[in-house]
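Participant: Could you have a look at this structure, given as structure tokens, before my questions?
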Amino acid sequence: MRRFSWFNATSIALGFAFLYIPILLLVIYSFNESKLVTVWGGWSTKWYASLLQNEGLLNAAWVTLRVAILSSTLATILGTLAAIVLVRAGRFPGRTLFSGLIFAPLVMPEVITGLSMLLLFVALNMDRGFWTVVIAHATFSMCFAAVVVQARLYDFDKSVEEAAMDLGATQIQTFLQVTLPIIAPSVISAWLLSFTLSLDDLVIASFATGPGATTLPMKIYSQVRLGVTPEINAISTIMIGLVTIGVLVASYSTKRASQQQERELKAVDAGAK
Amino acid sequence: MSEAALSSSPTGASRSPLRTAAPQSGFAPWKDPSKTPMVRFENVVKRFGDFVAVKDCTLDIYEREFFALLGPSGCGKTTLLRMLAGFEKPTSGRILVAGQDITELAPYDRPVNMMFQSYALFPHMTVEQNIGFGLKQDGMPKDQIAQRVEETMAMLELSKFGKRKPHQLSGGQQQRVALARAIAKKPRIVLLDEPLGALDKRLRQTAQFELMGIQERTGTTFIIVTHDQEEAMTVSSRIAVMDHGEFVQIATPGDIYEAPNSRYTANFIGDVNLFEGKVVNVAGGFAEIDWGPGLARFKAVAPEGCAGQQQVWLALRPEKIHIDLDKPTDASNALPGKVVDVGYLGSISHYHVELANGQRVKALRTNSSRTVDRPISWEDKVWLQWPAETGIVLAK
């Protein structure tokens with residue numbers, strides 16, 4: 001590999017600085033002794049301690065976590081089913097439209113998604129609250145889940161499923177015993193991705209929510225309007241940690257799955273020689 | 001079916017006087033009209049949109065046969081196999097197994113198991129689990145599954161690899177696992193879709209004999225799809241040569257080689273020299289063929305229904321042509337020519353001989369004496385000769 005020239009090193013440093021200095025500042029200030037957010041008063045973890053006393057924030061965090069778990073589970077199930085239909089069902093009338101409809105929310109402005117969800121809930125006369133947030137989150141993260149699972153299904157040898165059926169497994173048995181275990185890594189990444197998306201969503205949640213179902217991003221946003229407290233920095237740091245872990249695990253499991261697949265392919269190739 | 005009807009069908013090899021015994025001589029259930037075929041394709045047609053993959057195929061395959069479907073890619077052989085496995089549904093026609101109509105049955109309800117071209121092993125299961133998968137689906141008790149898996153692994157020399165995953169095996173071992181999985185349920189019919197296509201040549205030859213051994217030991221009906229004519233010749237009791245969704249000829253390997261019914265079969269199986277000509281005279285069972293002005297007429301055994309002025313092709317296998325420097329005195333057919341190419345392969349030599357009219361003829365000669373100097377070389381004037389019984393007169 002070529003060595004970094006000073007120019008390359010500088011541009012990388014600038015790029016990373018641009019991306020991460022704000023976040024780094026937030027993390028550092030979460031350990032600030034001073035009550036004033038912008039004045040450094042020495043190291044302390046007291047805001048993490050006082051965070052544990054702040055019921056409003058903790059409640060919001062708990063709501064967020066439950067919403068994320070439920071909505072990502074729902075999104076993963078729906079997304080996986082959609083991916084299977086798109087990859088396996090071959091050509092059926094309206095297939096292009098169907099796949100377009102599944103992937104459109106990927107590029108849809110969140111405000112529009114949120115507003116349309118709100119209109120739907122109002123039209124259906126649904127009480128807005130915890131469950132409407134779950135549904136709204138599942139709706140927009142489902143398309144991400146579908147993309148992830150679909151990618152794996154495309155390079156999946158269909159004859160493996162045929163072999164299972166040939167040996168006496170019905171379609172459902174084939175799915176549970178053969179297809180699902182093989183695509184499991186991508187299903188897990190899909191879940192983690194949906195989980196992360198739900199965790200940090202503010203816009204759609206604000207539209208879909210109702211009394212008693214304030215998520216953490218919403219709580220933070222509303223508090224910041226009154227002034228940033230170091231507690232917010234602390235909980236934000238925790239969230240950054242969670243999201244980072246989620247993304248790392250997701251990308252690691254995807255990478256491992258593709259490496260495993262490569263090994264299998266190599267083994268087949270080597271055997272053929 | 002009458003003899004006349006037979007000779008117009010793809011199975012009409014019986015017209016030839018050069019019948020050869022099948023390798024398993026005595027085993028010929030297709031000649032016994034009282035036998036119920038193990039598999040029967042009845043006027044099966046398969047269309048994919050406008051494309052006709054299989055055109056009105058009727059075929060009987062008998063118990064214990066090792067039957068080969070042979071043809072170039074896209075000839076419909078795999079489609080035929082997949083219809084038998086249940087992955088494709090015939091557009092029209094019926095498929096029967098042991099007299100029972102299975103056309104509407106799902107793949108998991110059919111008494112057939114398939115070995116896939118890609119092996120299609122379950123990557124997340126060990127070799128043992130792969131082989132036992134089908135037995136587990138049938139609800140066989142665990143101890144019996146273990147026993148059957150062990151037996152099957154022993155038969156295919158896989159016992160050492162039971163705990164391994166497919167990606168930890170070599171190609172040859174994966175191929176054996178795929179076969180083991182297909183025979184573990186002791187199905188009535190085993191389907192093999194290009195089973196040895198991924199192996200190198202030497203391994204493939206070993207595997208072919210292994211396949212034959214397994215087939216004989218289990219007494220199962222094997223149906224193999226292949227585009228490799230040597231493979232089909234080696235393993236099978238009968239071969240169906242296919243082209244464009246139709247059977248061109250269905251016969252034993254010996255008949256296919258020695259008595260092809262068309263130029264297509266003659267060309268597809270082995271090497272052949274073809275001469276186009278016209279029948280000018282039929283007498284005493286022999287036909288005289290005029291194949292160009294000023295050229296000595298060929299003499300060959302006349303096929304049934306051969307009449308004067310009919311356009312025919314004389315097919316001649318290279319190894320049946322005798323090549324010599326001197327003019328033969330008492331040959332039925334003799335042609336002068338000039339050697340333009342010699343290919344020395346050790347055991348045999350190929351000669352390409354150019355005739356007076358520019359046509360090139362391939363001839364083989366066994367190098368039976370141990371000399372480096374071969375008597376016939378480039379630019380030599382030679383004579384080709386063969387008896388009248390050797391040439392095959394083809395009408396199509």
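The values are calculated or read from the model by the stated rules, or taken from the named source; none is laboratory data. As the structure is a prediction and not an experimental result, all values here were calculated from the model. Heads up, the Cβs are rebuilt from the backbone with ideal geometry, glycines too, and the neighbour counts pull from every protein chain shown.
Participant: Yes or no: region B:172-186 includes at least one residue that is crowded, with 18+ Cβ neighbours inside 10 Å and farther than 28 Å from B:Y108 by Cβ.
Facilitator: Looking through region B:172-186, at least one residue is crowded, with 18+ Cβ neighbours inside 10 Å and farther than 28 Å from B:Y108 by Cβ.
Participant: In region B:300-309, is there at least one residue being in contact with an Asp or Glu (Cβ under 7 Å, 6 or more places away or on another chain) and touching a residue at least 24 places away in the same chain (Cβ under 8 Å)?
Facilitator: Scanning region B:300-309 turns up at least one residue that is in contact with an Asp or Glu (Cβ under 7 Å, 6 or more places away or on another chain) and touching a residue at least 24 places away in the same chain (Cβ under 8 Å).
Participant: Only one of these conditions is not met by B:R217: (1) surrounded by 21 or more Cβ atoms within 10 Å (Cβ to Cβ); (2) among the basic types (K, R); (3) more than 14 Å from chain A (Cβ to nearest Cβ). Which number is it?
Facilitator: All conditions are met except number (1).
Participant: Can you tell me which residue within region A:62-116, out of those that are polar (S, T, N, Q) and under 19 Å from the mean Cα position of the chain (by Cα), is surrounded by the most Cβ atoms within 10 Å (Cβ to Cβ)?
Facilitator: A:S72
Participant: When only residues in region A:32-61 that are of a type in the set (G, A, S) and part of a helix (DSSP H, G or I) count, which is nearest to the chain's Cα centre (by Cα)?
Facilitator: Taking the candidates together, the pick is A:A61.
Participant: Assuming B:Q173 fulfils every condition listed in (1) closer than 24 Å to B:Q129 by Cβ; (2) of a type in the set (S, T, N, Q); (3) more than 14 Å from chain A (Cβ to nearest Cβ) apart from one, which condition is it?
Facilitator: With (1) closer than 24 Å to B:Q129 by Cβ; (2) of a type in the set (S, T, N, Q); (3) more than 14 Å from chain A (Cβ to nearest Cβ) applied to B:Q173, the lone miss is (3).
Participant: Can you tell me how many residues in region A:50-61 are among the small types (G, A, S) and surrounded by 15 or more Cβ atoms within 10 Å (Cβ to Cβ)?
Facilitator: Total satisfying the criteria: 2.
Participant: Of everything in region B:104-133 that's over 17 Å from B:V190 (Cα atoms) and either more than 14 Å from chain A (Cβ to nearest Cβ) or under 27 Å from the mean Cα position of the chain (by Cα) (or both), which residue is surrounded by the fewest Cβ atoms within 10 Å (Cβ to Cβ)?
Facilitator: Looking at residues that are over 17 Å from B:V190 (Cα atoms) and either more than 14 Å from chain A (Cβ to nearest Cβ) or under 27 Å from the mean Cα position of the chain (by Cα) (or both), I get B:E104.
Participant: Let me ask something else. Please tell me if A:V160 is surrounded by fewer than 23 Cβ atoms within 10 Å (Cβ to Cβ) and either charged (D, E, K, R) or under 30 Å from B:G139 (Cβ atoms) (or both).
Facilitator: yes
Participant: How many residues does region B:134-166 hold that are within 22 Å of B:L196 (Cβ to Cβ), within 14 Å of another protein chain (Cβ to nearest Cβ) and surrounded by fewer than 19 Cβ atoms within 10 Å (Cβ to Cβ)?
Facilitator: 1
Participant: On to the next question. Being closer than 30 Å to B:F87 by Cβ, surrounded by fewer than 15 Cβ atoms within 10 Å (Cβ to Cβ) and away from chain B (no Cβ under 14 Å) is the requirement here; does A:L119 meet it?
Facilitator: The answer is no for A:L119.
Listed here are the residues, each with its yes/no results for (1) touching a Cys at 6+ places or on another chain (Cβ under 8 Å); (2) closer than 30 Å to B:A68 by Cβ.
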{"position": "B:A287", "(1), (2)": "yes, no"}
{"position": "B:P293", "(1), (2)": "no, no"}
{"position": "B:C306", "(1), (2)": "no, yes"}
{"position": "B:A334", "(1), (2)": "no, no"}
{"position": "B:V340", "(1), (2)": "no, no"}
{"position": "B:Y344", "(1), (2)": "no, no"}
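Conditions tested, residue by residue: (1) touching a helix residue (DSSP H, G or I) at 6+ places or on another chain (Cβ under 7 Å); (2) of a type outside the set (A, V, I, L, M); (3) at pLDDT 85 or above.
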| position | (1), (2), (3) |
| --- | --- |
| B:A302 | no, no, no |
| B:G305 | no, yes, no |
| B:W313 | yes, yes, yes |
| B:I321 | no, no, yes |
| B:S332 | no, yes, no |
| B:K338 | no, yes, yes |
| B:G346 | no, yes, no |
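Participant: Then there is this: Those residues that are part of a strand (DSSP E or B) and under 16 Å from B:D271 (Cβ atoms), I need them from region B:332-359; list them, please.
Facilitator: If the condition is that a residue be part of a strand (DSSP E or B) and under 16 Å from B:D271 (Cβ atoms), then B:D341, B:V342, B:G343, B:I348, B:S349, B:H350, B:Y351, B:H352, B:V353 are the ones that fit.
Participant: Which condition from (1) loosely packed, with under 15 Cβ neighbours inside 10 Å; (2) part of a strand (DSSP E or B); (3) among the hydroxyl-bearing types (S, T, Y) is the one that B:T329 breaks?
Facilitator: Just one mismatch for B:T329, condition (2).
Participant: Answer yes or no: is there a residue in region B:240-250 that is surrounded by fewer than 24 Cβ atoms within 10 Å (Cβ to Cβ), away from every other protein chain (no Cβ under 14 Å) and β-branched (V, I, T).
Facilitator: Checked against the condition, which is being surrounded by fewer than 24 Cβ atoms within 10 Å (Cβ to Cβ), away from every other protein chain (no Cβ under 14 Å) and β-branched (V, I, T), region B:240-250 yields at least one hit.
Participant: With respect to A:F207, determine if the residue is touching a residue at least 40 places away in the same chain (Cβ under 8 Å) and either more than 15 Å from A:R66 (Cα to Cα) or more than 15 Å from the chain's Cα centre (by Cα) (or both).
Facilitator: Judged against the criteria, A:F207 is a match.
Participant: I've got another one for you. If a residue has to be without any contact (Cβ under 8 Å) to a residue 40 or more places away in the chain and of a type in the set (S, T, N, Q) to count, how many in region A:35-62 make the cut?
Facilitator: 4
Participant: Still on this structure, please answer the following. Could you check region B:134-173 and list, in sequence order, the residues that are at positive phi and under 31 Å from the mean Cα position of the chain (by Cα)?
Facilitator: B:E157
Participant: To continue, here is another question. Of everything in region B:363-396 that's touching a Lys or Arg at 6+ places or on another chain (Cβ under 9 Å) and of a type in the set (D, E, K, R), which residue is surrounded by the most Cβ atoms within 10 Å (Cβ to Cβ)?
Facilitator: Among residues in region B:363-396 that are touching a Lys or Arg at 6+ places or on another chain (Cβ under 9 Å) and of a type in the set (D, E, K, R), the one surrounded by the most Cβ atoms within 10 Å (Cβ to Cβ) is B:R365.
Participant: Filtering region B:191-207 down to residues that are within 11 Å of chain A (Cβ to nearest Cβ) and touching a residue at least 60 places away in the same chain (Cβ under 8 Å), which residue is nearest to B:Y62 (Cα to Cα)?
Facilitator: Out of the qualifying residues, it is B:L191.
Participant: Something else: Among the residues of region A:157-189, count how many are within 8 Å of another protein chain (Cβ to nearest Cβ) and among the β-branched types (V, I, T).
Facilitator: 4
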